[in-house]
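Derivation of every value follows stated rules applied to the coordinates shown; laboratory data play no part. Fair warning: this is a prediction, and the values are worked out from it, not measured in the lab. Here the Cβ is made from the backbone with ideal geometry for all residues, glycine too, and neighbour counts use every protein chain on show.
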Amino acid sequence: MAIDDWQTRLAQWLPVLLSDGIAGPQVHWHYAKGVELEAPFFHQTAYWLRQRPYNLLFEQITALDHLEPLLSTLTEVVPSGFIFHLSRCGSTLAANLLRVPATHLVYAEPPLLDQLLRRLPTAAEVTPAQLHWLRLLLAALASFGRGRKQRMFIKLDAWDIVDGPLLRAVAPQTPALFLYRDPLEILVSHRRSPGMHALRGALDLSKLGLPLEQVLNIPEQEYLATVLALICREACHQAELGQLRLINYDEWLQAPIEQLEHSFQLHFSQEERRAMVGRLKLDAKSPTLPFQADGANKRQAADPALIALAERLLYPWYERLEALRSRQRAEAVTLDRSRDSVPPAPTGGAPAPCR
């Protein structure tokens, strides 16, 4: 079979899982012809596909190293944005809005990417071969949009912020943003419905700076706050290097469509904007329900002990993020003014002389 024909056929298959093979990582695929990634989270679509009789009987597995021909796909379905977040900060809404344009392929926390990132060492220690695995996996994700999509956006898990440098190494031109909010509201949200990183021992967070021996010594009530503080620390570091655009949840809710356009250099049509406005009225995680702002409710639900915990472990980092965000906005204004002051290029005749 010709490579072009193989790539066309593979565009009907969705990569859903990563596992260890004899020669290294291998990708599991589900047949998904005609399927769009419309569910709020990738695992919801993958679970639905897994129930199809064909996928139950004929699971397809490919060694990651055998996907070399797919690398050209990254020039057709271009990685156009990475979304990092502190959790419960509007990142699911960002993914939902980015799905509106028909040419966008949007992955929301795909487990197979998280699986590979967590098994790779840090950017300072990664080998060229391991980095190539990451490049191949991005190509596998992009392949599902071949012939239909032009841009690929990936919303990552909250703890994946530590692997921003790895993604930047394989996609250096891809912009990234980091969504965050009042940490007290996040603590209350996880108290009601804990995420994976809120459960002590559920994840290996040693790359984030939390080795197992330290995990066992952290009081249960402080564990999530400690994890969130480490995520904030990493986001601050990357923002200081100019690698992340910071967006506060309150700022995000005021103009989410414009924030996406600015962050990822996009321009939505009027029809797309109208569809996005419709999505803004719905709950991002449960789109059959209307959206309700809940920040004030969450702050009121916090008990004195939780407030004290947030003030001690998280608010110093929150204030640092706010200071960095203010600096980014000031720098952006200065840059815009400098661009406006540049005289227009001549429209005809000989080029203007250099001075």
task = Looking at the chain, send over the antiparallel percent of its DSSP beta bridges, to the nearest 5.
result = 40 percent
message = I need the shape label for the range 3-327. Rule: rounded when a/c is under 1.5, else prolate if a/b > b/c, else oblate, with a, b, c from the alpha carbon gyration tensor.
response = prolate
query = Order of 305-316, 238-249, 157-168 by packing, highest average Cβ count within 10 Å first?
reply = 157-168, 238-249, 305-316
request  = Quick one: dipole size for the chain, taken about the Cα centre, charges +1 on Lys/Arg Cβ and -1 on Asp/Glu Cβ, in debye to the nearest 20.
outcome  = 600 debye
ask   = Using a ≥ b ≥ c from the Cα gyration tensor of the range 225-349 (square roots of the eigenvalues), is it rounded, prolate or oblate, where a/c under 1.5 gives rounded and otherwise the larger of a/b and b/c decides, a/b for prolate?
value = oblate
message = Charges on Cβ only, +1 for Lys and Arg, -1 for Asp and Glu, centred on the Cα centroid of the chain; of Phe264, Pro110, Leu64, which one is farthest towards the dipole's positive end?
response = Phe264
ask   = Can you pull the Rg over Rh of the range 91-139, Cα-only, Kirkwood?
value = 1.10
ask   = Over the range 1-130, what number does the Rg to Rh ratio reach, with both radii from the alpha-carbon atoms and Rh per Kirkwood?
value = 0.95
ask   = Given the range 3-327, what count of lysine pairs have C-alpha atoms under 22 Å apart, with each pair 8 or more places apart or on different chains?
value = 6
